[in-house]
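Here's the structure we're looking at; comments come further down.
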Amino acid sequence: MKTKESNIIHILHFSDTHVGALVRHMGWKKWFSKRGIGAINLLRGRASYFDEVEEKMAAMVRFKEEQGIDIVINTGDYTALGLEHELSLARELVSPLMMPPQNYLTVPGNHDIYVHEGNSHYRFAAHFCSVLQNDLPEYCRGGHFPLVRLIGESAAIIALNSAKPNPWPWRSDGHIPTAQLEAFEEMLSDARLKNRFLFVMTHYAPRLANGKPDKKLHGLHNADDFLHICARIEKGAILFGHIHRTYRVDVPETGIPLYCAGSATMEGHEGAWVYELDTHAKVLNAKQVYWNGLAYSFEPVCYLRDQLVQ
Ligand SMILES: [Fe+2]
Ligand SMILES: [Fe+2]
């Protein structure tokens, strides 16, 4: 991946857009699966928090242009139920952010592979294949992950897939397959990644905003193993979503900070990050992004539904 002449790279990180399900498109048989329960929850109100996803994604495209963003990272949960037409719509909404494709990185979230249908991961990959190219494919362990993108000479982004289908409605936990973790550990000794600033991205949160592990039924099972490997990284950051709150936290398990993008579109909780990476000094300046009701900006604005409060 080539970068512009300046030594500052601007990276936009957003997540959990949850493009709404059009429930009427679901076959009647799916009402008896987890997806059926998810759909009922959507009908009961959850979906209304994501009503304006199309407008917000259009605003995100404008924000990217205004801020001169070089690289875009999305940490998954594009959809609500992982349906074909949801993935298709999500892909369409983010496609302006995918130009050029090598400057866009993503992983699936648990909602993008909501229930196991044998081809859930393939379905996600089919929609997002144009942005799944891997600069170090020899480390790939099934599917497309780990996926590595080299950024100029001084940085790299490593994407690990932690999403898995959850057949039970009360579970939304994840884990990074052992083979991926082993490949991740192995690549940290690779000369091509030495002395680079390393972003490590996945869907699930290794730690909550208070530094504690997430609940067993909602969190990343092998977060400790993951953080233990990340402790070998001298300069870098861990990026994720899944939790719909934007936060940064430092934890004793690793020397690099953790950034949760939260949800870019959940009404009342919209957030994201812009990371400014000085590629010479390898120093990261993170700026939180807010939604003001009309546009994304760096100015925090509190608003309640239907009422802006400065
Ligand atoms: Fe989510
Ligand atoms: Fe999630």
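So here's what we get for this one:
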| read-out | value |
| --- | --- |
| Candidates ALA272, ALA237, ALA231, ALA261, filtered to the one that is in contact with a helix residue (DSSP H, G or I) (Cβ under 9 Å, 6 or more places away or on another chain), at pLDDT 95 or above and either within 16 Å of ligand 1 (Cβ to nearest atom) or aliphatic (A, V, I, L, M) (or both) | ALA272 |
| Strands (runs of 3 or more DSSP E) wholly inside the stretch 177-283 that include at least 1 residues being within 16 Å of ligand 2 (Cβ to nearest atom) and buried (at least 21 other Cβ atoms within 10 Å of the Cβ) | 197-201, 236-240, 258-260, 272-278 |
| Pair list, Cβ < 9 Å and 6+ apart or interchain, from the stretch 159-171 residues that are over 26 Å from HIS13 (Cβ atoms) and touching a residue at least 24 places away in the same chain (Cβ under 8 Å) to residues that are β-branched (Val, Ile, Thr) and assigned to a loop (DSSP other than H, G, I, E, B) | PRO167/VAL115 |
| Test result for LYS215, touching a strand residue (DSSP E or B) at 6+ places or on another chain (Cβ under 9 Å) and either modelled with pLDDT of 95 or more or over 26 Å from GLU270 (Cβ atoms) (or both) | no |
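The values are calculated or read from the model by the stated rules, or taken from the named source; none is laboratory data. All values derive from a computational prediction rather than experimental measurement. Note that each Cβ is placed from the backbone with ideal geometry, even for glycine, and that neighbours are counted across all protein chains shown.
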